[in-house]
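Working notes, beginning with the structure itself.
All of the numbers you see were taken from the coordinates with simple rules; none came from a lab. No experiment lies behind these values; they were computed from the predicted model shown. Virtual Cβ from ideal backbone geometry, glycine too; neighbours counted across all protein chains shown.
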Amino acid sequence: MTPGRSVENALLAGPLVLFLLAVLGFPTVLSLVYGFSETGFQTLTAPQFSGLKNFRDATADPTFWQAAWFSLRFGAITALLQCGLGLALAVYLAPLARAHGWTVAILIIPMIVAPAMMGLMYRLVLHEFAGPVPHYLYSWFGWSPSFLGPANVFKTVVVAETLQWTPFAFLLFLTACQSIPQDLREAAAVDGTRPWRLFWKIELPLMMPTVFVALFIRFIDGFRVFDNIYTLVGAGPGGSTTSISIYIYESFLRRGEIGKALAAAILLFATAFVLLSVAQRLLRGRAP
Amino acid sequence: MKPRLTLRWIVFAIAAFAMNFPVLATLITAFKPPGEVSRNPSLWIKAPTLENFATVLTVSDRLNVYHYLWNSSVAALIGALLPMIVAFPLAWAMVRRGTGRGVLFPLVVNLRALPLIIFAIPLYMMYSVIGLLDTRLGLGLILAVVNLPLALLMLVNAVAEIPAEIEEAAYMDGARVPRLLIKVVLPLCRPALITTFVFGFITAWNEFLFGLILTTRDAVPMTVGASFFFATSGGGVQWGTAAAVMVVAALPPLVLGLVMYRRISGSMVAGAVKG
């Protein structure tokens, strides 16, 4: 490679690298500095080094662990539900989707709606007096649960998240399903294979890599959830729907505990980083 | 064969109804007169009206929907275009010369999987020092970061599909790299550029967290502005108005997304599988 060429390559990469350094690199340094310092909104320009104090504060806070546990549970349960439902829908509706493409468009509408708007819409739909869901439950069964009360709020946010993002899993599985060669199915049909057996023995094994990818993506998205829960119930009754993202937001803007919020954010970053590396090693191990 | 197909239609209808229910109910509520909502929460409108939309589109001293729409448009434009501009030259260098394949590519692509909140606090502090807090540019910049991974991924895929011979012919004619990129590569990437733009615009428009943290008044985007309608006027939420503002807020991405749904769904799948 000539020196002229490497300069040229540097110039081609330059805009993106500079942009990343400015918008993410600098804030990352900032968050490390402030994460290890005594900080308040008044002393923003003069951080005092305080070692691991913020991390001790964050990890000593029971709400932090409650939020971490909520995010973990929420991410795992919604990922499993979405992928299960999405897989079933994709395999079952594949012939319909092949013949009538517009049906796919209808099913992916929820993904195009902002999660924050979806949360607000659920507030309307589930409202005691103005919401159609309690209205119909009352008129049909004479009874309606308190969807956002302490007993049900977890189930409610899980269902809301699942209904909005099952389309994503559906879309991934539909594409994977349609890329399975049709002759394979025809050959199986000639051999007299029943559809159920075809799914378990041929289609599902071929779609397994997509299953892992979908589970992973949906888990990550559920784990970091903020928008829809925040607009639907906020931190929830007794803080019961405080996800880790909501915890960081509230400690920072509501309670002004900058150091603690940053420490929690750094811990979250480290967790996400580890999860990501492990997942990628696993996925790479599968793909030859 | 026939009854089985009918059953598929039924399953489709149930799934479509359940997943789109909040959108449907909101759309219906938006056309109910203000007095009707609490008396008749069903999915049937007795006296359809445009009154709620008129209320939403009227500027009050606290709420200005045009302002939110304008803020969202500007911020989403920056958020969609900027990542394409910075990623395009690198995407070409990555494919043709392997520049940044080892470190830069995985670094950028993995940004997607990080919880965004971790950048929100340091950005808030940085913005408050350099005066980007509560500006459309400041919001647009971070939206550009959100869109960068997919933009890079899709442009790399697009460049990789261009036959190298086409570029070599241009080289022979003595074209330099910048000219080659603009005159030859850019036009050939047009479909991917359009998809990247539309997808990025929708993502940026729908973003909420950064709008909530980084703006307060001057640059409030539509998603955050819509939530203001829920906290207004002491006497509880005006559901008709609230429904109408949600329709207004959700309409631009919905129209874009439905017109281009094939491209959108294709890029979602590509982004997930290739990452």
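Here is a check on your reading of the model: is A:SER179 of a type in the set (Ser, Thr, Tyr) and under 30 Å from A:ARG123 (Cα atoms)?
Working: of a type in the set (Ser, Thr, Tyr): yes; under 30 Å from A:ARG123 (Cα atoms): no.
No.
Listed here are the residues, each with its yes/no results for (1) aromatic (Phe, Trp, Tyr); (2) in a helix (DSSP H, G or I); (3) in contact (Cβ under 8 Å) with a residue 60 or more places away in the chain; (4) surrounded by fewer than 21 Cβ atoms within 10 Å (Cβ to Cβ).
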residue: B:LEU27; (1), (2), (3), (4): no, yes, yes, yes
residue: B:ASP61; (1), (2), (3), (4): no, no, no, yes
residue: B:LEU82; (1), (2), (3), (4): no, yes, yes, no
residue: B:LEU90; (1), (2), (3), (4): no, yes, yes, no
residue: B:THR99; (1), (2), (3), (4): no, no, no, no
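Assuming B:SER73 fulfils every condition listed in (1) facing chain A (nearest Cβ under 9 Å); (2) surrounded by fewer than 20 Cβ atoms within 10 Å (Cβ to Cβ) apart from one, which condition is it?
(1)
State whether one or more residues within segment A:239-255 are in a helix (DSSP H, G or I), among the β-branched types (Val, Ile, Thr) and without any contact (Cβ under 8 Å) to a residue 24 or more places away in the chain. Talk me through it step by step, then tell me what you get.
In the first step, residues of segment A:239-255 are kept if they are in a helix (DSSP H, G or I); the result is A:239, A:244-254.
Now drop any that are not among the β-branched types (Val, Ile, Thr), which leaves A:244, A:246, A:248.
Then drop every residue that is not without any contact (Cβ under 8 Å) to a residue 24 or more places away in the chain, which leaves A:248.
The answer is yes, given that some residue of segment A:239-255 is in a helix (DSSP H, G or I), among the β-branched types (Val, Ile, Thr) and without any contact (Cβ under 8 Å) to a residue 24 or more places away in the chain.
Check whether at least one residue in segment B:182-203 is within 11 Å of chain A (Cβ to nearest Cβ) and without any contact (Cβ under 8 Å) to a residue 24 or more places away in the chain, and report yes or no. Explain how you work it out, then say what you get.
From segment B:182-203, those within 11 Å of chain A (Cβ to nearest Cβ) are B:198-199, B:202-203; that's our starting set.
Next, only the ones that are without any contact (Cβ under 8 Å) to a residue 24 or more places away in the chain stay: none.
Within segment B:182-203 (the criterion being within 11 Å of chain A (Cβ to nearest Cβ) and without any contact (Cβ under 8 Å) to a residue 24 or more places away in the chain), the answer is no, since none of the residues qualifies.
Considering only residues that are out of contact with any Ser or Thr (no Cβ under 7 Å at 6 or more places or on another chain) and in contact (Cβ under 8 Å) with a residue 12 or more places away in the chain, look in segment B:47-56 and name the one that is surrounded by the most Cβ atoms within 10 Å (Cβ to Cβ). It would help to see each step written out before you state the result.
Pass one, segment B:47-56, residues out of contact with any Ser or Thr (no Cβ under 7 Å at 6 or more places or on another chain): B:47-51, B:53-54.
Within this subset, residues satisfying the condition of being in contact (Cβ under 8 Å) with a residue 12 or more places away in the chain are B:47-51, B:53.
Values: B:ALA47: 11, B:PRO48: 12, B:THR49: 15, B:LEU50: 11, B:GLU51: 17, B:PHE53: 19.
My answer is B:PHE53.
Quick one: which of A:LEU120, A:LEU96 is of a type in the set (A, V, I, L, M), outside any loop (DSSP other than H, G, I, E, B), within 24 Å of B:SER42 (Cα to Cα) and at the interface with chain B (Cβ under 8 Å from one of its Cβ atoms)? Please lay out each step first, then the result.
Details: A:LEU96 fails: within 24 Å of B:SER42 (Cα to Cα).
Only one candidate passes the filter, namely A:LEU120.
What are the pairs, 6+ residues apart or on separate chains, where a residue within segment A:194-212 that is under 30 Å from A:LEU276 (Cβ atoms) has its Cβ under 7 Å from a residue that is small (Gly, Ala, Ser)?
A:MET207/A:ALA176; A:PRO209/A:ALA287; A:THR210/A:ALA176
Does segment A:217-232 contain any residue that is in contact (Cβ under 8 Å) with a residue 24 or more places away in the chain and either surrounded by fewer than 18 Cβ atoms within 10 Å (Cβ to Cβ) or more than 30 Å from A:LEU120 (Cβ to Cβ) (or both)?
Within segment A:217-232 (the criterion being in contact (Cβ under 8 Å) with a residue 24 or more places away in the chain and either surrounded by fewer than 18 Cβ atoms within 10 Å (Cβ to Cβ) or more than 30 Å from A:LEU120 (Cβ to Cβ) (or both)), the answer is no, since none of the residues qualifies.
Conditions: (1) surrounded by 22 or more Cβ atoms within 10 Å (Cβ to Cβ); (2) more than 8 Å from chain A (Cβ to nearest Cβ); (3) more than 20 Å from A:ASP227 (Cβ to Cβ). B:LEU139 meets all but one. Number of the miss?
(3)
Kindly indicate which of B:PRO115, B:PRO178 is within 10 Å of chain A (Cβ to nearest Cβ), free of Cβ contacts under 8 Å to residues at least 12 places away in the same chain and closer than 30 Å to A:LEU30 by Cβ. Outline the logic, then answer.
On the way: B:PRO178 fails: closer than 30 Å to A:LEU30 by Cβ.
On inspection, the qualifying residue turns out to be B:PRO115.
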